[in-house]
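Trainee: Structure in structure tokens, see below.
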Ligand SMILES: *Cc1c(COP(=O)(O)O)cnc(C)c1O
């Protein structure tokens with residue numbers, strides 16, 4: 001196991017940073033009168049539930065997460081959605097205009113946007129035709145200023161897992177950080193990279209409560225990595241990035257994993273049914289295999305089908321402008337009724353075009 005040179009990997013200003021020390025961080029013992037944080041001691045119009053600042057490190061939520069995920073609390077960073085986690089890694093590790101990161105499109109758009117916002121060069125190495133990593137090209141793109149390789153598995157928008165061996169090769173040979181975004185891992189039949197955290201000091205795994213857990217509006221994503229990496233990004237984060245209302249909702253939900261597993265079961269079954277139904281449509285040229293809660297299909301005329309569906313009140317994601325996804329639509333798997341309506345509507349499209 002090669003050691004990660006975190007001292008040189010993080011930006012110099014972050015390495016030298018004295019992080020903001022909040023009142024709640026400096027004192028977290030027992031007291032009865034709190035006059036240290038300029039809060040409103042009278043309460044608020046909502047009562048006295050929300051007048052105090054929340055736990056800046058969300059320890060209770062992290063301990064609960066550890067009952068579900070194979071990690072320790074010190075290996076977790078909780079962000080305002082995974083999008084905040086992604087941004088943290090750019091801000092902590094990438095020197096603007098000097099460092100670079102590698103992304104492998106077609107993939108999640110936020111990787112590139114985060115790079116652009118942080119003025120960090122994003123080197124794009126396209127996936128192969130079967131949406132796998134092009135290892136020789138990735139290796140070629142890496143130089144001494146490459147800090148992060150951003151991967152997504154199961155990948156959005158293609159739906160497939162990246163081959164374990166190629167991620168392994170990168171983890172073993174790249175001296176920077178490999179981020180594996182697992183937003184859709186709950187829908188996959190394969191194990192999470194979380195199980196490998198202790199084997200690779202340069203591995204970061206991103207997960208979210210926005211998809212399988214059904215909490216997109218609460219904005220909770222988390223990054224899991226070595227405690228050393230987590231310490232670095234904790235220095236960069238806004239002190240109170242997760243509000244206490246959200247923390248208490250999350251604690252409540254994390255106690256109900258069975259309900260989530262049941263919903264996941266629905267999506268996995270519906271994925272098979274929908275894939276079969278879609279591939280039976282004559283204008284569907286390819287249904288890409290999916291390990292996620294969406295299906296990518298290649299059709300004869302994506303724009304036409306996309307607008308037809310909108311005219312019937314159904315919105316899917318038109319991905320046809322993305323290189324590698326020409327004429328592709330990404331369809332989120334819905335409820336049983338929604339999927340049924342989608343299919344009957346698509347069958348009507350077939351008839352409309354046939355009679356033209
Ligand atoms: C949906 C999605 C996320 C989730 O982002 P949140 O900010 O946690 O809602 C992260 N990564 C990928 C690839 C996604 O598709």
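Values quoted throughout were computed directly from the atomic coordinates according to the rules given, and no laboratory measurement underlies them. Everything quoted here is computed from the prediction, not taken from an experiment. Positions of Cβ are backbone-derived with ideal geometry, glycine not excepted, and every protein chain shown enters the neighbour counts.
Trainee: Roughly how many nanometres apart are two label points built 7 Å out from the Cα toward the Cβ at residue 175 and residue 163?
Mentor: 2.7 nm
Trainee: Cα axis of helix 302-311 to longest principal axis of the chain: angle in degrees, 0 to 90, nearest 10?
Mentor: It is inclined by approximately 80 degrees.
Trainee: Compute the acute angle (0 to 90°) between the alpha-carbon long axis of helix 257-279 and the principal axis of greatest extent of the alpha-carbon atoms of the chain; round to the nearest 10°.
Mentor: Approximately 30 degrees, to the nearest ten.
Trainee: At a threshold of 8 angstrom on Cα-Cα distance, excluding pairs fewer than six apart, so keeping six or more, what relative contact order does the chain reach in percent?
Mentor: Numbers: 592 pairs, mean separation 63.1, N = 356.
This gives 18 percent for the chain.
Trainee: Expressed as an acute angle from 0 to 90° and rounded to the nearest 10, what is the orientation of the C-alpha long axis of helix 244-254 relative to the principal long axis of the chain?
Mentor: 60 degrees
Trainee: Take every DSSP beta bridge whose two residues both sit in segment 141-280, then give the antiparallel share in percent to the nearest 5.
Mentor: Looking only at bridges with both residues in segment 141-280, the antiparallel portion is about 30 percent.
Trainee: Same structure, new question: If I take R0 = 25 Å and measure r between the Cβ atoms of residue 199 and residue 66 in this structure, what FRET efficiency does the formula 1/(1 + (r/R0)^6) give, to the nearest 0.05?
Mentor: Using R0 = 25 Å, I get an efficiency of 0.85.
Trainee: Divide the volume of the convex hull of the Cα atoms of the chain by its number of residues and quote the answer in cubic angstrom per residue.
Mentor: 158 Å³
Trainee: Separate question: Could you line up 295, 68 from fewest to most neighbouring Cβ atoms inside 10 Å?
Mentor: Placing the least packed residue first, the sequence is 68, 295.
Trainee: Taking the simple approach of a point 7 Å from Cα along Cα-to-Cβ for both residue 7 and residue 245, what is their distance in nm?
Mentor: 4.6 nm
Trainee: On a full-extension model of 0.36 nm per residue, what is the gain between residue 143 and residue 256, subtracting their alpha-carbon distance, rounded to one decimal in nm?
Mentor: Result: 36.1 nm gained on full extension.
Trainee: Further question on the same structure: On full extension of the chain, what length is gained from residue 263 through residue 340, given 0.36 nm per residue of separation minus the C-alpha to C-alpha distance?
Mentor: Length gained, residue 263 through residue 340: 26.0 nm.
Trainee: Another question, then. May I ask what percent, to the nearest 5, of DSSP beta bridges between residues of the chain are antiparallel?
Mentor: On the way: 19 of 36 bridges.
For the chain, the DSSP antiparallel bridge percentage is about 55.
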